[in-house]
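Below you'll find the structure, written out as structure tokens, and then a few comments.
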């Protein structure tokens, strides 16, 4: 039986989420605390920090901004430019880049920034996609590691100590209080919340012909290197008000392009537009924990008063956890082909990672699926 936050619709199964004695989750509590923040004071703190890192003579960049091309990273770049910084934007090219993702990356370049795009070896990355999917149930494992390691490696390589990240996901989506209130992203944050899922980079050497040198992009720099450069990672969302929907509106006004319809598995058309594998990633979250992207998004809107909890329940019931036959116009068969997997093999992997306590099963203990392959949760809200 799933227990849900009485204020939003997030279930207790979300990793690192806490639901208190009043039935309210830690993400909703974190949002309450944000209402009490003096954002002007926070901004002044941020400006003072930035002044310490600005290039004194224009001989280097003021900071590194990790970007994917999405609405949040577009917003990050806009705010950094408005603060008078000259950033070096760094992209870790995503695993299965969509045409829309490429268009939005090019849009960020045209905002007026220097830009480095790092593309890891695609042959190795496909092996990592497959290993991530089969070993920890996350096709996006190499992407979720690389988006944190590659910008830090760039910081060390180019000697630019300040990295300005976007949101602290532990604050926005719910996590331990100390992590949620943290303004800094460092090695400890990466190891705890950066998507490793217990699969360490060092574990991969020797698997499927993978060598140490193949894993350079996914390896964090040494402590000596970080200290030499003085690498410091700050969350922009700690210092400036952060809201995905507002970020999308502001980014659209500066050339960001949304999808032509609601994204599969979501309830909006303005996020997760760059990687065709994202639908698979989100589906496995649903199988493991009983919630997916639609739950994440509706909870954000409930907390901000844009929709009611009842609205969110109905939207989640319709959009969350549908079998990912297509994503951003690409079929599941096409998405799996580079990984040398068939749809039947994929279904067997899905069943292996499904938490059967969360879904209806028949008398033999087999998962009950409709004709489209969709599961039914044991409950979609708290008992009345």
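The values are calculated or read from the model by the stated rules, or taken from the named source; none is laboratory data. Just so we're clear, the structure is a prediction, and the values are computed from it rather than from any experiment. Quick reminder, even Gly has a Cβ in these numbers, built from the backbone with ideal geometry, and neighbours come from all protein chains shown.
Quick check: is even one residue across region 358-365 touching a helix residue (DSSP H, G or I) at 6+ places or on another chain (Cβ under 8 Å) and closer than 30 Å to residue 105 by Cα?
No: region 358-365 contains no residue that is touching a helix residue (DSSP H, G or I) at 6+ places or on another chain (Cβ under 8 Å) and closer than 30 Å to residue 105 by Cα.
Just name the residue that is nearest to residue 257 (Cα to Cα) out of those in region 94-114 that are touching a helix residue (DSSP H, G or I) at 6+ places or on another chain (Cβ under 8 Å) and in a helix (DSSP H, G or I).
Here the residue is 104.
Look at region 347-369 and say how many of its residues are surrounded by 10 or more Cβ atoms within 10 Å (Cβ to Cβ), in a loop (DSSP other than H, G, I, E, B) and either modelled with pLDDT under 95 or more than 29 Å from the chain's Cα centre (by Cα) (or both).
2
Have a look at 207, 199, 236, 215 and point out the one that is in contact with a strand residue (DSSP E or B) (Cβ under 9 Å, 6 or more places away or on another chain) and either in contact (Cβ under 8 Å) with a residue 60 or more places away in the chain or surrounded by 14 or more Cβ atoms within 10 Å (Cβ to Cβ) (or both).
Numbers: 207 fails: in contact with a strand residue (DSSP E or B) (Cβ under 9 Å, 6 or more places away or on another chain); 199 fails: in contact with a strand residue (DSSP E or B) (Cβ under 9 Å, 6 or more places away or on another chain); 215 fails: in contact with a strand residue (DSSP E or B) (Cβ under 9 Å, 6 or more places away or on another chain).
Testing whether each residue is in contact with a strand residue (DSSP E or B) (Cβ under 9 Å, 6 or more places away or on another chain) and either in contact (Cβ under 8 Å) with a residue 60 or more places away in the chain or surrounded by 14 or more Cβ atoms within 10 Å (Cβ to Cβ) (or both) leaves just 236.
Would you mind stating whether residue 279 is crowded, with 22+ Cβ neighbours inside 10 Å and either part of a helix (DSSP H, G or I) or modelled with pLDDT of 90 or more (or both)?
Values: crowded, with 22+ Cβ neighbours inside 10 Å: yes; either part of a helix (DSSP H, G or I) or modelled with pLDDT of 90 or more (or both): yes.
Judged against the criteria, residue 279 is a match.
Among the listed residues 145, 124, 136, which satisfies the condition of being touching a helix residue (DSSP H, G or I) at 6+ places or on another chain (Cβ under 9 Å) and at pLDDT 95 or above?
Numbers: 145 fails: at pLDDT 95 or above; 136 fails: at pLDDT 95 or above.
Selected residue: 124, the only one of 145, 124, 136 that is touching a helix residue (DSSP H, G or I) at 6+ places or on another chain (Cβ under 9 Å) and at pLDDT 95 or above.
Among the residues in region 145-166, are any under 19 Å from residue 279 (Cα atoms) and not in a helix (DSSP H, G or I)?
no
What number of residues in region 311-346 are within 26 Å of residue 366 (Cα to Cα), more than 23 Å from the chain's Cα centre (by Cα) and part of a helix (DSSP H, G or I)?
Of region 311-346, the ones within 26 Å of residue 366 (Cα to Cα) are 316-326, 332-333, 336, 341-346.
Now restrict to residues that are more than 23 Å from the chain's Cα centre (by Cα): 333, 341-345.
Adding the requirement that they be part of a helix (DSSP H, G or I) leaves 333, 343-345.
Counting residues in region 311-346 that are within 26 Å of residue 366 (Cα to Cα), more than 23 Å from the chain's Cα centre (by Cα) and part of a helix (DSSP H, G or I) gives 4.
Quickly run through region 302-322 and pick out the residues that are in contact with a helix residue (DSSP H, G or I) (Cβ under 7 Å, 6 or more places away or on another chain) and in contact (Cβ under 8 Å) with a residue 24 or more places away in the chain.
Across region 302-322, the qualifying residues are 302, 303, 309, 312, 315, 316, 319, 320, 321.
This table checks each residue for (1) assigned by TED's automatic domain parsing to the domain that holds residue 167; (2) farther than 22 Å from residue 355 by Cβ; (3) in contact with a helix residue (DSSP H, G or I) (Cβ under 9 Å, 6 or more places away or on another chain).
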position	(1), (2), (3)
13	no, no, yes
24	no, yes, yes
43	yes, yes, yes
57	yes, yes, no
62	yes, yes, yes
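Would you please name the residue that is surrounded by the most Cβ atoms within 10 Å (Cβ to Cβ), looking only at residues in region 55-93 that are assigned to a strand (DSSP E or B) and in contact (Cβ under 8 Å) with a residue 60 or more places away in the chain?
The first filter runs over region 55-93 and keeps only residues assigned to a strand (DSSP E or B), leaving 63-66, 87-92.
Subset that is in contact (Cβ under 8 Å) with a residue 60 or more places away in the chain: 63-66, 87-88, 90, 92.
Details: 63: 24, 64: 24, 65: 28, 66: 23, 87: 24, 88: 20, 90: 24, 92: 26.
Out of the qualifying residues, it is 65.
Regarding residue 372, is this residue loosely packed, with under 14 Cβ neighbours inside 10 Å, part of a loop (DSSP other than H, G, I, E, B), over 24 Å from the mean Cα position of the chain (by Cα) and touching a residue at least 40 places away in the same chain (Cβ under 8 Å)? Before the answer, list the steps.
Details: loosely packed, with under 14 Cβ neighbours inside 10 Å: yes; part of a loop (DSSP other than H, G, I, E, B): yes; over 24 Å from the mean Cα position of the chain (by Cα): yes; touching a residue at least 40 places away in the same chain (Cβ under 8 Å): yes.
Taking the combined requirement at face value, the residue satisfies it.
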